[in-house]
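In what follows, a structure is listed as structure tokens, so that the remarks can point back to it.
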Amino acid sequence: MAEETRTSNLTRDLEAALGLLSKAVLSQPIAPELDSRVDIRPLKLRGRDLYQIERFRDSKAFHQNVDGEELLRIFARELDGRYRQALLVSGGESVQYSLRRSGLYKRSGRAAVPAPGGGAGSHNREKEYILREGENIPALVDLGVFTPDFHIVKAKYDKYKQINRFVELVDQALAGRERRPWTIRTSAAANPT
């Protein structure tokens, strides 16, 4: 006799979202032997629409690429009900779930997700940064993030991403406002020792 698998509301919601899924994240495992986090995202690999399951364990990431049917089987068998928090992002909205004592998930939040929404990305997609490698940005050379020929110093890649994220936040804060030149001034020695 085949083993019957209990399908929770989270598994049903994942199945309904598959066509428009941007990502799913499971976190806060209920047992220490489980992966610390599981990320699921669509990808296109060799012309096929697949889903990548990325499991994080002991500061290492493990990847598995599966089709939609296999993803649902793995999710129901290995993941559903084993993480206290879940997030599904699909079709332009994000839904948060919390595991209840009953073993079912409670939807605890829904929010719109800014464009670009769902859809499968390329396997080796590249992040679009505001400050791009190869651009003449003397300040990044002075900070040691870029080499003199404007390539990223490998040891400073995390700093490069951090600076880009800051610039993105400033850009978002200023979006829609009247564009005019402005200057940021700093004091050279605010607190000499």
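The values are calculated or read from the model by the stated rules, or taken from the named source; none is laboratory data. Note that the coordinates shown come from a computational prediction; the quantities given were computed from them, not determined experimentally. Backbone-built Cβ (ideal geometry, glycine too); neighbour counts: all protein chains shown.
Computed quantities for the displayed model
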| item | result |
| --- | --- |
| So LYS23, is it over 25 Å from SER108 (Cβ atoms), out of contact with any Leu (no Cβ under 7 Å at 6 or more places or on another chain) and not in a loop (DSSP other than H, G, I, E, B) | no |
| Residue tally, condition assigned to a strand (DSSP E or B) and either touching a Leu at 6+ places or on another chain (Cβ under 6 Å) or acidic (Asp, Glu) (or both), over the stretch 51-61 | 3 |
| Matching residues, the stretch 127-150, being surrounded by fewer than 11 Cβ atoms within 10 Å (Cβ to Cβ) and part of a loop (DSSP other than H, G, I, E, B) | LYS127, GLU128, GLY134, ASN136, PRO148, ASP149 |
| Every residue from the stretch 33-50 that is farther than 16 Å from GLN85 by Cβ and either among the basic types (Lys, Arg) or outside any strand (DSSP E or B) (or both) | GLU33, ARG41, LYS44, ARG46, GLY47, ARG48 |
| Scope the stretch 9-46; condition closer than 21 Å to ARG100 by Cβ and either of a type in the set (Ser, Thr, Tyr) or in contact with a helix residue (DSSP H, G or I) (Cβ under 7 Å, 6 or more places away or on another chain) (or both); matching residues | THR11, LEU14, GLU15, ALA24, LEU26, SER27, VAL38 |
| Candidates LEU50, LEU45 - the one that is surrounded by fewer than 18 Cβ atoms within 10 Å (Cβ to Cβ), assigned by TED's automatic domain parsing to the domain that holds VAL66 and within 15 Å of GLU70 (Cβ to Cβ) | LEU45 |
| Complete set of residues in the stretch 53-78 that are farther than 14 Å from LEU14 by Cα, within 16 Å of the chain's Cα centre (by Cα) and modelled with pLDDT of 90 or more | GLU54, ARG55, PHE56, PHE62, HIS63 |
| Filter result for the condition that a residue is in contact with a strand residue (DSSP E or B) (Cβ under 9 Å, 6 or more places away or on another chain), free of Cβ contacts under 8 Å to residues at least 40 places away in the same chain, not in a helix (DSSP H, G or I) and not basic (Lys, Arg), over GLN64, GLN28, GLN85 | GLN64 |
| Of residues in the stretch 79-105 being more than 18 Å from the chain's Cα centre (by Cα) and polar (S, T, N, Q), the one nearest to PRO32 (Cα to Cα) | SER98 |
